[in-house]
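S.K.: Would you mind keeping the following structure in view while I ask a few things?
The values are calculated or read from the model by the stated rules, or taken from the named source; none is laboratory data. Since we're looking at a predicted model, the values are computed, not measured. Ideal geometry is used to build each Cβ from the backbone, glycine not excepted, and the neighbour counts take in all protein chains shown. Each accessible area value is taken on the protein alone, full model and side chains, heavy atoms only, with ligands, DNA and RNA left out. Shrake-Rupley method; radii C 1.70, N 1.55, O 1.52, S 1.80 Å.
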Amino acid sequence: GARKGSFIQQALLIGLEGVPIIALLSFIIGLILALQAAAQLRMFGADIFIADLVGVALLNEMGPLITAIIVSGRSGSAIASEIATMKVSEELDALKMMAINPIRYVVVPKFYAMTACMPLLVIISIIIGIVGGLLVAVLYLNLSVSAFYGQLINALLFKDLIITMIKSTFFAWTIVIVGSFYGLRVEGG
């Protein structure tokens with residue numbers, strides 16, 4: 001079986017430590033997305049549609065993608081190097097000798113932690129990206145927060161949120177599986 005507290009430890013490593021960089025990048029991307037669109041929308045007097053553009057773009061594509069890229073860079077490489085180190089230092093062989101399945105002991109907690117954390121990180125990414133877009137809408141387009149919010153709520157569909165959560169879960173699994181695969185493939189010292 002997996003060791004106690006290992007899931008929590010992995011979740012903190014993968015999830016909590018990734019929040020600042022994901023938040024920063026999402027905010028900047030939401031800001032830039034809105035700023036680029038604002039000039040074009042203003043020409044047509046369609047300022048209010050900035051909410052649709054930012055919300056839908058972040059919910060459907062940018063949020064999951066930015067998060068996956070950052071998490072794969074941070075956690076994917078960490079998973080690969082941790083498992084590689086364990087293999088080289090023969091810790092995995094030691095686990096086998098103690099009749100403990102190394103995959104279940106080492107990989108499974110990471111898999112569960114990533115599955116739990118990734119959708120949460122994606123939601124954080126989307127919300128903070130939308131705040132970046134809201135800033136542009138309020139300061140540059142002189143829209144009210146309530147008008148932006150109302151338009152945003154009408155633009156976002158529940159099915160899109162479900163699809164995004166499924167997408168982020170697949171990204172999570174891919175990151176753990178690829179990281180573990182490369183970690184376990186290491187040979188020598």
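S.K.: Using a 1.4 angstrom probe on the protein heavy atoms only, could you order M62, M98, M165 from most to least accessible area?
M.R.: Order by accessible area, largest first: M98, M62, M165.
S.K.: Here's a follow-up. Going by a ≥ b ≥ c, the root eigenvalues of the Cα gyration tensor, does region 63-154 fall in the rounded group (a/c under 1.5), the prolate group (a/b larger than b/c) or the oblate group?
M.R.: prolate
S.K.: At 222 nm, what value in deg cm²/dmol follows for the chain if DSSP H runs of at least 4 each add -39500 (n - 2.57) and the sum is divided by all its residues, to the nearest 500?
M.R.: Taken over the chain, the calculation gives -24500 deg cm²/dmol.
S.K.: Could I ask something else about it? Using DSSP to call loops (not H, G, I, E or B), can you name the trypsin sites (Lys or Arg not before Pro) in region 108-189 whose Cβ has at most 12 other Cβ atoms within 10 angstrom?
M.R.: Of the trypsin sites (Lys or Arg not before Pro), the ones in loops of region 108-189 whose Cβ has at most 12 other Cβ atoms within 10 Å are R185.
S.K.: If a/c stays under 1.5 just call it rounded; otherwise compare a/b with b/c (prolate if a/b is bigger, oblate if not). Do that for the chain, with a ≥ b ≥ c from the square roots of the Cα gyration tensor eigenvalues.
M.R.: Prolate is the answer for the chain, as a/c is 1.5 or above and a/b outweighs b/c.
S.K.: At what distance in nm do the modelled label points of E82 and A94 sit from each other, each positioned 7 Å from its Cα along Cα→Cβ?
M.R.: About 1.7 nm separates the two model spin labels.
S.K.: Taking the Cα-to-Cβ direction at V145 and at Y182 and moving 7 Å from each Cα, how far apart do the two end points lie in nm?
M.R.: 4.3
S.K.: Students sometimes get this wrong: rank I166, I100 by accessible area, probe 1.4 Å, all chains present, largest first.
M.R.: The residues order as I166, I100, largest area first.
S.K.: Name the most mobile residue of I103, I126, I14, meaning the one with the largest mean-square fluctuation, in a Gaussian network model of the chain with Cα contacts below 10 Å.
M.R.: I103
S.K.: Going through region 1-104, which chymotrypsin sites (Phe, Trp or Tyr not before Pro) have at most 10 other Cβ atoms within 10 Å and a DSSP loop state?
M.R.: In loop regions of region 1-104 (DSSP not H, G, I, E or B), the sparsely surrounded chymotrypsin sites (Phe, Trp or Tyr not before Pro) are F44.
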